[in-house]
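Data first, discussion second: the structure below is written as structure tokens.
Throughout, read-outs are computed from the coordinates displayed, never taken from laboratory work. These numbers come from a predicted model, not from an experiment. Cβ atoms come from the backbone with ideal geometry, glycine included; neighbour counts cover every protein chain shown.
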Amino acid sequence: MTDAPSPGGSTAGGPSSASGPIRSILATDCGSTTTKAILIELTDEGYRLKVRGEAPTTVEAPFDDVTVGVTNAVTEVAEVAGRTILSEDGKVIMPQQGDTGVDLYLSTSSAGGGLQMLVAGVVRTMTAESAERAALGAGAIVMDVLASNDKRKPHEQITRIRHLRPDMILLSGGIDGGTTSHVAELAELIGAADPKPRLGSSYELPIVFAGNKEAAGAVKDALDDKTALEVVDNLRPTLDTENLDPARDKIHDLFMEHVMAQAPGYDKLKSWTSAPVMPTPGAVGEIIQTIARERGISVLGVDIGGATTDVFSVFQNTFNRTVSANLGMSYSVSNVLASTGLPNVLRWVPFDIDERELRNRIKNKMVRPTTIPTLLRDLQVEQAIAREALRLAQIQHKEFATQLKGVRKTRDISEAFDQSASGATLVDMMALDLLVGSGGVLSHAPRRVQAALMMMDAFEPMGITTLAVDSIFMMPQLGVLATVHPEAATEVFERDCLVLLGTCIAPVGKTKGGAPLATVKLGLPDGTKEFTIGRGDLTRIPLATGLKAECTITPAKGIDVGAGPGTPVTRSIDGGEVGVLLDGRGRPIELPDTAAERVAAIEGWIKNLDLYPAVPSTPAPTAAAI
């Protein structure tokens, strides 16, 4: 067990000096609209979620104090748990004494739009991209990426910097010991723009320099008098290495010191917590990394919201995060349609629908973002759009999560000097062990099998992949907890947060003459059974949560299930609320060309998976009635 730290802001006799196991943990996530609170307690079974509460976030008028929403959410938790957590003046009481107080209080926040950053580097596909990775991994929304070679003229770059008004700038460029002129020019460009922060007018804009250490002097000359400049270790010290942690750590520190301090009530919140407040996306990234590290597996997680879709991944022990800022299910739903096109949305809809009617449904969702589907057809259209939002976000993530670009490869001298060539993506769906979905359309799907199929259709996992969803979206709170108490975070994540859906088995490749792709032997509770995966098949086999099955997959010649073409695989697989899904639809997924055949194929999958409840057939409403 981990000894309790000395928490700041204790109102019960000051910080505790007694060592002992942490028995109770309170964690809040201050979202843009809702503040969520969870109480975790140490039980005979380990750390478990006790209760959850929520309340509207209060960073805007008339309250202008984020702690009001925190207090309201924590009050709900305290009432349900039957304990006193807040003092008479509304502060979180620490440490725990009987049924009073908690041992640890942590918080994350994306209220006020989260952390918005501008990043800059010398070469767009090298140091600038490394800077973008550092900022995204720290939980930021990257507003733009400036580079010496981005083809914009200096006056255009200066105008862009002034227009954006970021919370923070990350400046990089050059390897240690290399040329300094380009880095100095970038610093002078930023200095000439004299950028102003988005929040507050009484403080200097934070800038983190994480470039060639030889250029630090020139950067200080250009920026030290105008900004709150911090110099950290180079994030690309050599051409072949990335060192993102110092930049990420400094971004977290400055986020609390400068950005969060300008939002109403954050000074008070900061005085209550036992560790620095983290940006919500950064906290989700922490729990994804913790699970990957603790289990020694590859993980891909997605959080689809109303305005953005975040994708997180850990492959080859490398963490990446991307933000698809215009792909969401309410405010950005029209952007999804514009980006993917009507045909790509229509291919997932299991009925004939007029294109005008589909557009009207999508526009209605954009102008009424808080509405939820009330008809089955509405739900099916919404889930079709979700597939495309997830698919596009995954494409963007794969393009960004690459091996280091610019590394000179001795095996091919021509590649050594082709610095614009993209590195190979790290995202290997055949090597993926766990796919985790979060966000309303996935976590709150009426049936868990709907969430499973949406993720399968969008991400197209290959071979053998475990599927799961976040039950009540508590990954942010567990992420910040992972930085202080990884054991508790992991136990609650696996027992109370993660809802196992089951296992997807998807052979890759084609056979001649429509021959089966593979045979699957499963050691089920009622005996060993054998199944065949045919081309175009989608089959669901019940296997309850908590159960495992010994599985032997024998692929046909040329078909790969993870060990190479034609090579059998034997391993233990997890059950879940959905069970085992045998997917023979190919990679990429093959859908019939004609509308009638496509609808028939989807209707077959719906029946096989018991995807939707049986409802009487009703005619589709006209566009005028929507």
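Here are some notes:
- For the peptides 95-108, 272-285, the ranking by mean Cβ contacts within 10 Å, running from highest to lowest, is 272-285, 95-108.
- A Cβ-based charge dipole, computed about the Cα centre of segment 114-272 with Lys and Arg at +1 and Asp and Glu at -1, lands at about 580 debye.
- Distance between the 7 Å Cα→Cβ label points at Ala563 and Asp267: 6.4 nm.
- Here the simple spin-label model places points 7 Å from the Cα toward Cβ, and for Thr532 and Phe63 these points are separated by 6.1 nm.
- Set of lysines near Lys268 by C-alpha distance (under 20 Å), chain-local residues within fewer than 8 positions excluded: Lys36, Lys91
- Gyration tensor verdict on segment 495-626 (Cα atoms; rounded if a/c is under 1.5, prolate if a/b is larger than b/c, oblate otherwise): oblate
- From most to least packed by mean Cβ count within 10 Å, the peptides 59-71, 317-329 give 317-329, 59-71.
- When Phe315, Phe209 are sorted by how many other C-beta atoms sit within 10 angstrom of their C-beta, beginning with the fewest, the order is Phe315, Phe209.
- Once backbone amide H atoms are built at 1.01 Å from N, Thr125 has no partners under 5 Å, excluding neighbours fewer than 5 places away on the same chain.
- Label of the coordinate-derived value, mean projected area of the Cα convex hull in nm², listed as [x] 24.1; [y] 30.4; [z] 31.9: [z]
- Peptides ranked, highest mean first, by Cβ atoms within 10 Å: ranges 338-349, 24-35: 24-35, 338-349
- Annotation: the residues Lys510, Lys607, Lys50, sorted from fewest to most other C-beta atoms within 10 Å of their own C-beta, follow the order Lys607, Lys510, Lys50.
- By the beta-carbon count within 10 Å of each Cβ, the least crowded to most crowded order of Asp44, Asp457, fewest first, is Asp44, Asp457.
- Secondary-structure-derived ellipticity at 222 nm for the chain, considering helices only, amounts to -9500 deg cm²/dmol, per-run term -39500 (n - 2.57) for DSSP H runs with n ≥ 4.
- At least 30 Å along the helix axis (C-alpha) and Kyte average at least -1.0, DSSP helices within the chain: 376-400
- Modelled FRET efficiency - R0 56 Å, Asp44 with Lys153, Cβ distances, 0.05 increments: 0.25
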